[in-house]
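Notes to accompany the following structure.
The values are calculated or read from the model by the stated rules, or taken from the named source; none is laboratory data. None of the values given here were measured: they were computed from a predicted structure. Cβ placement follows ideal geometry from the backbone for every residue including glycine, while neighbour counts extend to all protein chains displayed.
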Amino acid sequence: MALNVSALAKDMLNAAKPVLQNFWKEAKPYVEKESKAFVQNLAMIAKLKIEGKITKEEALLHIQIQKNSYRTVLLAVEGLGLIAVEGALNAAIGVISTTVNKAIGWNLL
Amino acid sequence: MTAHPTVKKIAGFLLVSIFLFTACKVTLLSAYDEVTDKTLSEMQQSTTTFFVKHETNPGSQDLSYTNSLTFYEGLRVKSRTVRIRNNAIEKNKIMINMLDLLDENITLMDSLHKQKPNGLLSKSDVTLLKSAFETQYTAMFKFIMALKARAKAQ
């Protein structure tokens, strides 16, 4: 029995798509919220510096701390994305395994 | 009629590839590590306690830099210890980068506190620092919990 490549590719996409869509559905509001908080904190630091309540050195330290915190958020999103990609890949491979097993006639798993 | 040797080789390669491809699960990241989870929880608790003390009793000499040395030292020791552990785990670049950023922020907070003329963090300092550290720990726990859920699903 020949493998229908187009059909297999479509099956893979259908298996992978919900996993990836779900990831962005959850990640987007989180990124938006943390981006807003980051900007608000930077604005607060600028205000404190302008009002003379903190020195330039202190302002720079605060800015670096906020930047590191925001970078951690982006790393978390990257990690969650990789987990989603891994899940999508394995879901797509799972779909192919069933179809290929049938086509070849022996169980590979 | 027998197939050409080259055709046989290609067919064999394709079959082996399909076998390998379909028999293997893809793993892009490290596994969940309970010790890292536990250590970060302890660090987060210690940091939260530090900020709560500042919010409850602002301006108290108990919160001066000199009286906070034990706190910074303890946090730094845990940070370095968990970093060393994570060095040994494969496919762990994201967690290692996160731990480096956390360690850097502990050092920066220490420097900020140290250079205060009266040795005390102001209310604004605490607000900003608390926000940064809460964000940082939350981000790390989000990632760790996702790894934990993935381990359970496998």
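The table below lists the values:
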item: Leading residue by the ranking (nearest to the other protein chains (Cβ to nearest Cβ)) among those in the range B:85-94 that are of a type outside the set (Lys, Arg) and part of a helix (DSSP H, G or I); result: B:94
item: Restricting the range A:55-109 to residues that are surrounded by fewer than 18 Cβ atoms within 10 Å (Cβ to Cβ), under 24 Å from residue B:101 (Cα atoms) and β-branched (Val, Ile, Thr), the residue that is farthest from the chain's Cα centre (by Cα); result: A:55
item: Filter result for the condition that a residue is at pLDDT 95 or above and either more than 30 Å from residue B:112 (Cβ to Cβ) or assigned to a helix (DSSP H, G or I) (or both), over A:57, A:78; result: A:57
item: Unmet criterion (only one of (1) more than 10 Å from chain A (Cβ to nearest Cβ); (2) within 20 Å of the chain's Cα centre (by Cα)) for residue B:97; result: (1)
item: Single residue of B:71, B:51 found to be modelled with pLDDT of 95 or more, surrounded by fewer than 21 Cβ atoms within 10 Å (Cβ to Cβ) and under 22 Å from residue A:63 (Cα atoms); result: B:51
item: Members of the range B:92-147 that are within 30 Å of residue A:83 (Cα to Cα) and among the charged types (D, E, K, R); result: B:93, B:100, B:103, B:104, B:130, B:134, B:142
item: Pairs where the first residue, in the range A:33-59, is more than 10 Å from chain B (Cβ to nearest Cβ) and the second is acidic (Asp, Glu), C-beta under 9 Å, 6+ apart; result: A:49/A:58
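Residues are listed down the side, and each one gets a yes or a no for (1) farther than 19 Å from residue A:79 by Cβ; (2) of a type in the set (Lys, Arg):
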site	(1), (2)
B:78	yes, yes
B:100	no, no
B:109	yes, no
B:143	no, no
